[in-house]
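Written below as structure tokens is the structure these notes are about.
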Amino acid sequence: MAMLHTVNKSPFEKRSLDGALSHAVNGAAILMIEDGIYGALKGTAISGKIEKSLATLKVYVLGPDLKARGMTEDQVIDGVTVVDYAGFVDLVTEYDKVQAWL
Amino acid sequence: MKLALLVNEGPYQHQAADSALQFVKAAVAKGHEIFRVFFYHDGVNNGTRFAVPPQDDRNITVEWSKLAEEHKIDLVVCIAAAQRRGILDENEAKRQGKSGDNIAPGFRISGLGQLIEAGIQAERLVVFGD
């Protein structure tokens, strides 16, 4: 019963990433898309929180949205996986349910 | 796998309509079936054929219509949300005494029951919004 949580807001603007992290149980996954990708970057005020969550959760970020914002894959926190839209579709099918944190 | 989408945000508002389009394209390319795309709230604005974005910009509504035609995807606009925002098909225009309709090709206007049905029939419901 693992759930995929999608987050499309920057953690520096809205609290949707916090919402997703506090509801995600062991084995669930977080996928950051759109402005949500800022949550996947190294060396930010919240990157420690993501690093810690990697112990129990899978964390993904959408590559095209990273690129659209001028960010590169080497700026992404180690352990966070970059996926494309095809990978997004695969995650939706691999997990039982999808919850969007808007 | 049978997938359904809910789009709650209009085109050019932020990114939800674009994300949903890209997701549908990727899902279809992988051989998945899109049971339905349901447009709710400001999402109904995806379904007007009267929008004229600049020629060097993407035309989100035309892209939806193309997808609907090429892959027989059911694009459903919520009737109550559509009426509030001036999205009408021929029947609704007649019923409301309006001079014309603006629903884009491939879209149809129906009720919330279509969203519930999509949630039941599809194996996954993916939500895009703001």
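Every number here is computed from the coordinates shown, using simple stated rules; none is lab data. Here the structure is a predicted model, which is why all the values come from computation and not from measurement. Every residue, glycine as well, gets a Cβ built from its backbone with ideal geometry; the counts of neighbours run over all protein chains shown.
Summed over qualifying helices (DSSP H, 4 residues or more, each -39500 (n - 2.57)) and divided by its residue number, chain B shows a 222 nm mean residue ellipticity of -11000 deg cm²/dmol.
Pairs over the 32 Å Cα-Cα cut-off, from the set A:Lys14/A:Lys58; A:Lys42/B:Lys72; A:Lys97/B:Lys25; B:Lys25/B:Lys98; B:Lys66/B:Lys94: A:Lys42/B:Lys72; B:Lys25/B:Lys98. Peptide A:64-72 is shielded by partner chain Cβ atoms: per residue, an average of 1 of them sit within 10 Å of its Cβ.
Contact order, relative form, for chain A: 36 percent (alpha carbon pairs under 8 Å, 6 or more residues apart, mean separation divided by residue count). Taking the dipole about the Cα centre of the protein assembly as shown, with the C-beta of Lys and Arg at +1 and of Asp and Glu at -1, give me whichever of B:Val44, B:Ile60, A:Leu62 is farthest to the positive side. Farthest along the dipole direction, towards plus: B:Val44. For chain B, what does the alpha-carbon gyration tensor say about shape, rounded, prolate or oblate, given a ≥ b ≥ c as the root eigenvalues, a/c under 1.5 as rounded, and a/b over b/c as prolate? Oblate is the answer for chain B, as a/c is 1.5 or above yet b/c matches or exceeds a/b.
For chain A, the mean residue ellipticity at 222 nm estimated from helices alone is -8000 deg cm²/dmol, where every DSSP H run of n ≥ 4 contributes -39500 (n - 2.57) and the total is divided by all residues, rounded to the nearest 500. Quick one: check the C-alpha center-to-center distance for segment B:1-23 versus segment A:56-84, whole angstrom. Using only Cα atoms to place each centre, the spacing works out to 20 Å. DSSP bridge analysis restricted to the protein assembly as shown gives an antiparallel fraction near 5%, rounded to the nearest 5. Each label point was placed 7 Å from the Cα along the Cα-to-Cβ direction; for B:Met1 and A:Lys42 their separation is 3.2 nm.
Using a/c under 1.5 as the rounded threshold, could you call segment A:3-101 rounded, prolate or oblate? The axes a ≥ b ≥ c are square roots of the C-alpha gyration tensor eigenvalues, and prolate needs a/b larger than b/c, oblate otherwise. Walk me through the numbers on the way to the answer.
Details: a/c = 1.43, a/b = 1.13, b/c = 1.26.
Because its axes are fairly even, with a/c under 1.5, segment A:3-101 counts as rounded.
Between B:Leu112 and B:Arg58, the distance separating the two model label sites (each 7 Å from Cα on the Cα→Cβ line) works out to 3.0 nm. The mean number of partner chain beta-carbon atoms within 10 angstrom of a residue's beta-carbon across peptide A:80-92 is 4.
Can you give the charge dipole size of segment A:3-101 about its Cα centre, rounded to the nearest 20 debye, using +1 on the beta carbon of Lys and Arg and -1 on the beta carbon of Asp and Glu?
Working: 10 positive and 13 negative charges, 69 e Å.
Once rounded to the nearest 20, the dipole reads 320 debye.
Assigning unit charges at the beta carbon (Lys, Arg +1; Asp, Glu -1) and nothing else, what dipole magnitude in debye, to the nearest 20, does the protein assembly as shown show about its Cα centre?
Working: 25 positive and 30 negative charges, 94 e Å.
About 440 debye.
The relative contact order of segment B:2-128, computed from alpha carbon pairs under 8 Å that lie at least 6 residues apart in sequence, is 35 percent.
In this simple spin-label model, placing a label point 7 Å from the Cα along the Cα-to-Cβ direction at both B:Glu33 and A:Thr93 gives a separation of 1.4 nm.
Taking every Cα-Cα distance in the protein assembly as shown and sorting them into 10 Å bins starting at zero, the pair-distance distribution P(r) comes out as 8, 32, 33, 19, 7, 1, 0 percent. For peptide B:119-129, the mean count of partner chain Cβ atoms within 10 Å of a residue's Cβ comes to 4. For segment B:55-130, rounded, prolate or oblate, judged on the Cα gyration tensor with a ≥ b ≥ c (square roots of eigenvalues), a/c < 1.5 rounded, else prolate if a/b > b/c? Oblate is the answer for segment B:55-130, as a/c is 1.5 or above yet b/c matches or exceeds a/b. Placing +1 on the Cβ of every Lys and Arg and -1 on the Cβ of every Asp and Glu, with nothing else charged, gives segment B:13-130 a dipole about its Cα centre of roughly 200 debye.
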